[in-house]
Amino acid sequence: MSTDTPPVNEDKPRRLEQSNPDYDPNIVVEAQNLTKIYRDFWGRQKVRALKALDLEIKKGEVFGLLGPNGSGKSTTIKLLLGLLFPTSGRALVFGKDASEVSKNEMIGYLPEESYLYKFLTAEETLDFYGRLFDMPADVRKERVNSLIEKVGLTWAKRRQLKEYSKGMTRRIGLAQALINDPDLILLDEPTSGLDPLGTREMKDMILELREEGKTIVMCSHLLADVQDVCDRIAILYQGELKELGRVDSLLKVSDETQVLAKGLPPEAYDDIRAAITKHGGEVLGIDNPRTTLEDLFLDIVRESQERPGHRTSGANTASD
Amino acid sequence: MVVEQFPNFFDWIGPGLLLLCAIALSGTVLGIFLGYVVASFKHGPFEAFYVVAKVIAEAIPDFLGTSPRRIMAIARLSVKEAIRRRVILVTFGIFAAALLFGGWFMNAGSDNPDQIYVNFVLWGTQLLVLLMGMLISAFSLPEDIKNKTIYTIVTKPVRSTEIVIGRIMGFGILTTSLLALMALISFAFVWRGLSHDHRMVDSPSVAEFYEIDPETRLSDRGKRVSSNAIKTSETTFDSGHRHRVEIIEDVRRPEDKQPEDTSNIVSQSELSDGRISYQRAVVVPTAGHTHRVTVNGEGDTSTIDLGPATGYFRARVPIYAEQLMFYDREGAPNDRGIDVGREWTYRGYVDGGSRESPNSLAKADFLFENFDSRFIADQDILPLEMSLGVFRTYKGDIEKRVIGSIQFESVPDDPSSENRFQSDTIVFETNEFQIQTLPISRKQSGRLIAPDGSTVEIGTFDLFDDYARNKKLNLVLRCEDYNQYIGVARADVYFRATDDLYWANFFKGYLGIWCQMIIVIAMGVSFSTFLSAPITMLATLVTMIIGFFTPFIRTMTEEDVAGGGPIESLFRLVTQKNMEVTLETGIGTTLMEQTDNLLVGGLSTLTYLAPNFAQLNFSDFLTYGYSIDSQRLLVAMAITVAFCMGLSIVGYFCLKTREIAK
């Protein structure tokens, strides 16, 4: 996948008109006491989806919203996008109210399932979304082509989306979210429906986008994915914020130590145990590390791609 | 043809704008109030105030920031959607099938085949495009919301105005192309269905024609059609009819105007008194048309060629009187004429007097206020066309036609000082149920009368230069048969100006359908911003029905109807009370009457909110071969623009204040 996507309009500074005196350019998303209550037709409370959420997401970070189904992750994202109106509290994006249309100039959104027009081809889809932004026709064409290439759908760009598999739809969904070279990208379950290869590519892309200085907000219940890419996370449960912080500090087990070594013979294990005991530590286990199933699978696929027709040696690696 | 309204755009636009402003103002007030009530339920009465103010404040930049580029992008999407979902294909398929099989049931030999053909294609097209417009517009936005595809649109910098206008425009472009295609095919269908050729049944030679006995009277049916026919023959039977071909003797004095068309002259001879006798071959009109005759050679050796059908595709330009006034036997003016007791009050009747009072002063005055020779391109003969109703108080000889007369009068600006012209009366036989044409010579013999009633001069005067010097002319119509009545409406008597181009008129007729279709699409899109697809369809359909029956609903709701409103009528029905019986006074009756007033008032209001499709429907003009005047078109276009604007604004606010996600 290539990463050389041209920016939308290089000579035009991308800045929204600001009328908010409290706007801090380093804070991209801000939720203040954000609450959402779903009501029925008669106005009776059905469910309290989000309870007084306070949150700040800084420029350039990958922020993960975590939680089980129904914890309010998608509701938060929809409130930030203006798809839902808050019952109370405020959601600010780039210092503007979430219901303001102009903020969308700098936002990219990949919905939970790629809700796209099935009767359009990939090319037409991106062209259509491109037309909704203020970009010259040649830039739009260039971006459409480079994004299709970036998400690896060049071979299927003239097929209608109704013929696409779930993974392909997800990719074109991501491409449409990036059509305006957004500064803030909201991803709702970005890896759902993707195979491990697709998942890895999606995660790589998220990291690439972070390298480019984009701010990314993603929600997911696939914890491993969140752990791999997110700088900070918020954990929601039944609409309440339960935990908020940097992933590395949250996951760090302060009273345990891990040593990774290579080429160590089994005889050295006793010396290591003795050294640990000497320093008053407790040996929890000395073992060969295991690769993850994801890594194993990706190795096999990669080898198959390089040497088609051969049985891969990935299985041997596992039995070693 | 029934024409009850004679709109003039510039007279209409003032009150029209006033009504629009009133509706806009009351709509705004009602909208703000409803918005406040709904917001109060959600956010409480104080917060609701800010919510409503915010929506209004955001509307202004939204309207100003509406981008044509995004509108076009959404319009393109709508077009692609409808095409790829095969809506167009299905509609077109039904249309094609209707034309294929409809042709079987069309009788080209009937009295007015062109009316049947044109009526069929117009109604078919109208029904199909309106239904299609309703379906695609009602389903598109709710489908978008249901499939959540709208999430990816509203999270782009797209304003609700752009979504609503883009949809209306997209479906508009699509259905316009389809309508244009249908119009072209319909035109070809009508043309092809009506075009036919005949040959002479025996031989094309004039020598084979039968002599007509000079004693044969016109009423001897089947023997003679033209009073001056001397020979006759017939054409072959094609397209369900045959024509009689007659050789007529046309005698003219040398100083008279000689026939312009010489191609149908069989022979020409000079009579002993110096007059010239032309023997001309003519095809007697049957089934609303005739054929052009070309004579090859001269005398008995000549042969006859028949050309294609002519007379079908007319776009008559009627010059109507600006005012119609009736006078009764005593000469008292009355704007309705005599009511002969029929339920339909379109026509007023002119009394023919009776044996006991033979000097009836009853008449109908048609006042032309803009009578100008340019209407008829300065020709010598003005065709006056009439479609009169006749009411007989006795049958007598049923074959005998009722006699009427016309007379022209000048209308001086100052009758107390100016002389006035009055022509001699022209007597005619009424031709019931059919349009009859009286060729009126521009030079009319008559009198010049002084203000005191004395005759100043007797002579022949010019209709335009003398009678209508100030562009005003009064046409007086009288019934000349005792105890019989002639019925007229304003549109029943008119001078016929030079015809319009038929294809241009056909296009104008379809413009009326286009206006209806665009309004239906705008309604569908606007309603679908707050209703689900089936409910949108129902709402659009109901509005369409109200629109089509606006005049009927207004007569029902705005005129006093015996028996009361719906609830009172039901009560009378159940209790078997006569419509005229007064109900007992009491709380029950008052309640019933007040509820009825509310219902009837509501229905009446609805007719002012729903588009009056009668104003946009020009089918009758095309069917009966009348030109559609530009004033009517301007009014229709203005109505369409006003509805599209209003519905777009309603759609914008509904979509803007709606939570897209659930």
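The values are calculated or read from the model by the stated rules, or taken from the named source; none is laboratory data. Keep in mind it's a predicted model, so treat the numbers as computed, not measured. Note that each Cβ is placed from the backbone with ideal geometry, even for glycine, and that neighbours are counted across all protein chains shown. The accessibility values were calculated without ligands, DNA or RNA, using every heavy atom of the protein model including side chains. Shrake-Rupley method; radii C 1.70, N 1.55, O 1.52, S 1.80 Å.
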Criterion: in a strand (DSSP E or B), open to solvent by 10 Å² or more (accessible area, probe 1.4 Å) and closer than 30 Å to residue B:395 by Cα - qualifying residue of B:460, B:437: B:437
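In region B:308-330, is there at least one residue being over 32 Å from the mean Cα position of the chain (by Cα) and in the same structural domain as residue B:484 (by TED's automatic domain parsing)?
yes
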Candidate set from region B:33-45 (those that are away from every other protein chain (no Cβ under 13 Å) and free of Cβ contacts under 8 Å to residues at least 40 places away in the same chain); member that is nearest to residue A:90 (Cα to Cα): B:45
Selection from region B:157-203 of residues that are buried (at least 16 other Cβ atoms within 10 Å of the Cβ) and not in a helix (DSSP H, G or I): B:157, B:158, B:159, B:196, B:198, B:200
Residue check, residue A:248 farther than 30 Å from residue A:46 by Cβ and within 23 Å of the chain's Cα centre (by Cα): yes
Qualifying residue in region B:22-30 (condition: among the aliphatic types (A, V, I, L, M), at pLDDT 90 or above and touching a Ser or Thr at 6+ places or on another chain (Cβ under 9 Å)): no
Answer residue from region A:32-51, given it is over 14 Å from residue A:239 (Cα atoms) and within 12 Å of chain B (Cβ to nearest Cβ) and is nearest to the chain's Cα centre (by Cα) among those: A:39
Selection within region A:67-105 - hydrophobic (A, V, I, L, M, F, W, C), touching a residue at least 12 places away in the same chain (Cβ under 8 Å) and either under 29 Å from residue A:165 (Cβ atoms) or surrounded by fewer than 21 Cβ atoms within 10 Å (Cβ to Cβ) (or both): A:77, A:81, A:85
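Matching residues to (1) in contact (Cβ under 8 Å) with a residue 24 or more places away in the chain; (2) touching a Ser or Thr at 6+ places or on another chain (Cβ under 6 Å):
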position: B:501; (1), (2): yes, no
position: B:536; (1), (2): yes, yes
position: B:549; (1), (2): no, no
position: B:560; (1), (2): no, no
Filter result for residue A:143 (of a type in the set (Lys, Arg), away from every other protein chain (no Cβ under 11 Å) and part of a strand (DSSP E or B)): no
Residues located in region A:105-119, provided they are more than 18 Å from the chain's Cα centre (by Cα) and more than 7 Å from chain B (Cβ to nearest Cβ): A:118
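Please work out if residue A:64 is open to solvent by less than 20 Å² (accessible area, probe 1.4 Å), in contact with a Cys (Cβ under 7 Å, 6 or more places away or on another chain), more than 9 Å from chain B (Cβ to nearest Cβ) and not β-branched (Val, Ile, Thr).
Working: open to solvent by less than 20 Å² (accessible area, probe 1.4 Å): yes; in contact with a Cys (Cβ under 7 Å, 6 or more places away or on another chain): yes; more than 9 Å from chain B (Cβ to nearest Cβ): yes; not β-branched (Val, Ile, Thr): yes.
Yes: the conditions hold for residue A:64.
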Strands (runs of 3 or more DSSP E) wholly inside region A:193-306 containing at least 1 residues that are hydroxyl-bearing (Ser, Thr, Tyr): A:215-220, A:232-237
Selection from region B:52-62 of residues that are closer than 28 Å to residue A:136 by Cβ and either surrounded by 14 or more Cβ atoms within 10 Å (Cβ to Cβ) or among the hydroxyl-bearing types (Ser, Thr, Tyr) (or both): B:62
Criterion (within 13 Å of chain B (Cβ to nearest Cβ), at pLDDT below 90 and farther than 16 Å from residue B:659 by Cβ) met by exactly one of A:88, A:102, A:74: A:102
Test: residue in region A:124-140 that is open to solvent by less than 10 Å² (accessible area, probe 1.4 Å), within 8 Å of chain B (Cβ to nearest Cβ), touching a residue at least 40 places away in the same chain (Cβ under 8 Å) and in contact with a strand residue (DSSP E or B) (Cβ under 8 Å, 6 or more places away or on another chain): no
Qualifying residues in region B:139-156 (those that are assigned to a helix (DSSP H, G or I) and among the hydroxyl-bearing types (Ser, Thr, Tyr)) - the one nearest to the chain's Cα centre (by Cα): B:140
All positions within region B:112-156 that are within 14 Å of chain A (Cβ to nearest Cβ) and open to solvent by less than 20 Å² (accessible area, probe 1.4 Å): B:136, B:140, B:141, B:144, B:149, B:150, B:151, B:152, B:153, B:155, B:156
Selected residue (criterion: most open to solvent (accessible area, probe 1.4 Å)) from residues of region B:270-298 that are more than 20 Å from residue B:226 (Cα to Cα) and in contact with a strand residue (DSSP E or B) (Cβ under 9 Å, 6 or more places away or on another chain): B:270
Filter result (over 30 Å from residue A:195 (Cα atoms) and either open to solvent by less than 100 Å² (accessible area, probe 1.4 Å) or touching a residue at least 40 places away in the same chain (Cβ under 8 Å) (or both)) within region A:271-306: A:272, A:273, A:274, A:275, A:276, A:277, A:280, A:281, A:283, A:285, A:286
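Could you look through region B:579-633, keep only residues that are charged (D, E, K, R) and in the same structural domain as residue B:513 (by TED's automatic domain parsing), and pick out the one that is nearest to residue B:434 (Cα to Cα)?
Among those residues, the one meeting the criterion is B:620.
Does residue B:429 satisfy the criteria of being modelled with pLDDT under 90, open to solvent by 20 Å² or more (accessible area, probe 1.4 Å) and touching a Lys or Arg at 6+ places or on another chain (Cβ under 8 Å)?
yes
In the set A:146, A:99, which member is polar (S, T, N, Q) and closer than 14 Å to residue A:174 by Cα?
Values: A:99 fails: closer than 14 Å to residue A:174 by Cα.
So the residue among A:146, A:99 that is polar (S, T, N, Q) and closer than 14 Å to residue A:174 by Cα is A:146.
Matching residues to (1) farther than 30 Å from residue B:77 by Cβ; (2) free of Cβ contacts under 8 Å to residues at least 12 places away in the same chain; (3) outside the structural domain of residue B:268 (by TED's automatic domain parsing):
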residue	(1), (2), (3)
B:174	no, no, yes
B:186	no, no, yes
B:200	yes, no, yes
B:211	yes, no, no
B:236	yes, no, no
B:239	yes, no, no
B:242	yes, no, no
B:249	yes, no, no
B:255	yes, yes, no
Single residue of A:89, A:108, A:130 found to be in a helix (DSSP H, G or I) and not hydrophobic (A, V, I, L, M, F, W, C): A:130
Any chance residue B:90 is more than 14 Å from every other protein chain (Cβ to nearest Cβ), within 24 Å of residue B:172 (Cα to Cα) and part of a helix (DSSP H, G or I): yes
Residue within region B:606-622 that is acidic (Asp, Glu) and not in a loop (DSSP other than H, G, I, E, B) present: yes
